[in-house]
1. What single numbered condition from (1) away from ligand 1 (no atom under 16 Å from the Cβ); (2) within 31 Å of the chain's Cα centre (by Cα); (3) part of a helix (DSSP H, G or I) fails to hold for A348?
2. Based on what the data block shows, is D185 more than 16 Å from ligand 2 (Cβ to nearest atom), within 18 Å of T77 (Cβ to Cβ) and of a type in the set (D, E)?
3. Only one of (1) more than 16 Å from ligand 1 (Cβ to nearest atom); (2) touching a residue at least 24 places away in the same chain (Cβ under 8 Å); (3) touching a helix residue (DSSP H, G or I) at 6+ places or on another chain (Cβ under 9 Å); (4) not in a helix (DSSP H, G or I) is not met by D263, so which one is it?
4. Scanning region 198-246 for residues that are part of a loop (DSSP other than H, G, I, E, B) and crowded, with 18+ Cβ neighbours inside 10 Å, which turns out nearest to ligand 2 (Cβ to nearest atom)?
5. On the basis of being within 16 Å of ligand 2 (Cβ to nearest atom) and surrounded by fewer than 24 Cβ atoms within 10 Å (Cβ to Cβ), does M471 make the cut?
6. Are any of the residues in region 540-555 within 13 Å of ligand 2 (Cβ to nearest atom) and buried (at least 18 other Cβ atoms within 10 Å of the Cβ)?
7. Determine, yes or no, whether L95 is under 23 Å from V457 (Cβ atoms) and of a type in the set (A, V, I, L, M).
8. Mind telling me which of the residues A393, A414, A401, A405 ends up being of a type in the set (G, A, S), free of Cβ contacts under 8 Å to residues at least 40 places away in the same chain and away from ligand 1 (no atom under 14 Å from the Cβ)?
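Please treat every number below as a calculation from the coordinates, not as lab data. All values derive from a computational prediction rather than experimental measurement. When we count neighbours, we look across all protein chains shown, and the Cβ atoms used for this are built from the backbone with ideal geometry, even at glycine.
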Amino acid sequence: MGTVEPQVAADAQAAVTDGFQLVIDALKLNGIDTIYGLPGIPITDLTRRAQAEGLRVLSFRHEQSAGYAASIAGFLTQKPGICLTVSAPGFLNGLNALAHATTNCFPMILVSGSSEREIVDLQQGDYEEMDQLAIARPLAKAAFRVLHAADIGVGVARAIRAAVSGRPGGVYLDLPAKLFAQTIDVAAGRSSLIKVVDPAPRQIPAPEALERALDLLRGAKKPLIILGKGAAYAQADADIRALVEKTGIPYLPMSMAKGLLPDTHEQSASAARSYVLPEADVVMLVGARLNWLLSHGKGKTWGGKGHKDWGGQKFIQVDISPTEADSNVRVDAPVVGDIGSCVSAMLAGLGNWPKPPADWLNAIHEKKSSNVDKMAETLAKNPSPMNFHSALAVVRDIVKANPEAMFVNEGANALDFTRSIVDMYKPRKRIDVGTWGIMGVGMGYCVAAAVVTRQPVIAVEGDSAFGFSGMEVETICRYNLPVCVVILNNNGVYKGTDINPRGGDVAPTVFVKDARYEKLMEAFGGVGVYARTPAELRQGMEQALRSRKPTLINAVIDETAGTESGRITSLNPTAGKKK
Ligand code: ADP
Ligand code: TPW
């Protein structure tokens, strides 16, 4: 080397690229601009270099939060959210979110560094040894490993296609430590990269499937449309609204489909849910599965005699997955395709659509009005201490005044009451616990929502729910994000009144009484608010939205408020015994 001129050496160096660079180039080439992750061996330099190359690299305090952030970024943008972790323990922390993404049909890629293949496969005890690919595979829609720098382009392309095409889901991409330092010729590296063309191709529904569905719907006496988060994901907002309005059919939004049409829309049947589900004769599901959240399409909720009995409805199911229909009950008219294509084809086929029978619409209207009146009465009360209703009456007003704000929600009662009390006005504003009813998505979702949409974020959190990701308030402060967290604090899981009959430790559901969560936000330079009345809560929220400063409001509510498991008490095997 001593005889080589310095300039020649520099040129020779410049003529090669490495694994780090190729990963960054492949992501950038495919329009990925943000990484949610946590640095460490072997990906520390990847985070640094990605940042230096203009990617936004958001560093979290726990990979699970980074993963949830990536998953919801995928839902909001239709681009795979990228979560980057270290090997074994970091990978496992991210894995929960990967499974969550797959379960919820969100596009996400978990990219994890991994240890030496030769040592891992012989189980010789490497640093953070783990066969990550094998562990990820059952929880992911697809899983890939790249061993050679020249294959990084293909690996990233395959991961992107798998995440966003068809039914979206979580994809795992395993990048062994050695890969990052591998060098190849710059030109060869450049030509190995793939810009994915049409990553989520339209899937056009079959004309006969559409005709079958429209015939069934047209003949219904009591039709109902159910919009799910697949409909929200599809970003076909105008056509979905037009379909609902032109058919005049009442609709129910699932939780994350709230706001696809404003919740105040006259055709919304949300306030008459327990009436319309058993009464409807034809139900059209648009991007919603008949899973536990819809009582599997049968049983008492649907007018069946026993919990497994069919209620007699006929179902139309609009979904991109050809295997979803008949998963719980018979689907008479499956329409397989992407929701954008399906809904626009339906609109084109409506012709002179007859309005649904007036007695159906009137009956729904009556149920709705009486339930809305009852709720208004409850919301108008001002008990001391505050309860879920009096606190949420404030949140409801604030969201109404700030319809562009993103809205994050988790908890049990804190989730159920909020979902029914707080109206949403715009699509994809409400993001919550999703298909698993998972706790811990809160602060990760807040970060991604603020970063992706650049709108203010309001999070309504149970005190238990908040605890799962509470340390990420530092992340929120570090990036100075306009997030207002409201903790509905009733001193425990579900509520704070359980007693340990033997004395000693407090009951398993009980937390420290009068915990001062707001001080956690203050510790990192954000604003903390201690709110004991609706007026204090209102003032805190208004101030947070005005200032756009990270704010945490500890809204103290009656510790006797709330029921065990919220609205799903019936799923809890011990709850029956307790009553
Ligand atoms: P919810 O919980 O709101 O009821 P689910 O998560 O159960 O919604 O259902 C979402 C459904 O939407 C899934 O079956 C998924 O296959 C489907 N889906 C997701 N994206 C699309 C799309 N672009 N086009 C059609 N269907 C989609
Ligand atoms: C990952 C089980 C469901 S709801 C909940 C737990 C622990 C917390 C309820 O208390 P919170 O809300 O948040 O204070 P509230 O309004 O009822 O007082 N672990 C995971 N996910 C779930 N769903 C649980 C545990 C659970």
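1. Every condition holds for A348 apart from (2).
2. Values: more than 16 Å from ligand 2 (Cβ to nearest atom): yes; within 18 Å of T77 (Cβ to Cβ): no; of a type in the set (D, E): yes.
Taking the combined requirement at face value, the residue does not satisfy it.
3. So the condition that D263 fails would be (1).
4. Applying the first criterion (part of a loop (DSSP other than H, G, I, E, B)) to region 198-246 yields 198-206, 219-222, 228, 234-236.
From the residues that got through so far, the ones that are crowded, with 18+ Cβ neighbours inside 10 Å too are 199-200, 205, 220, 222, 228, 234, 236.
Details: P199: 31, A200: 29, P205: 35, A220: 36, K222: 34, G228: 20, A234: 27, A236: 31 Å.
So the residue we want is G228.
5. Numbers: within 16 Å of ligand 2 (Cβ to nearest atom): yes; surrounded by fewer than 24 Cβ atoms within 10 Å (Cβ to Cβ): yes.
Yes; evaluated as a whole, the condition is true for this residue.
6. Going through region 540-555, the residues within 13 Å of ligand 2 (Cβ to nearest atom) turn out to be 554-555.
Narrowing the set further to residues that are buried (at least 18 other Cβ atoms within 10 Å of the Cβ) leaves 554-555.
Yes, because at least one residue in region 540-555 is within 13 Å of ligand 2 (Cβ to nearest atom) and buried (at least 18 other Cβ atoms within 10 Å of the Cβ).
7. No: the conditions fail for L95.
8. Numbers: A393 fails: free of Cβ contacts under 8 Å to residues at least 40 places away in the same chain; A414 fails: free of Cβ contacts under 8 Å to residues at least 40 places away in the same chain; A405 fails: free of Cβ contacts under 8 Å to residues at least 40 places away in the same chain.
Answer to the check: A401.
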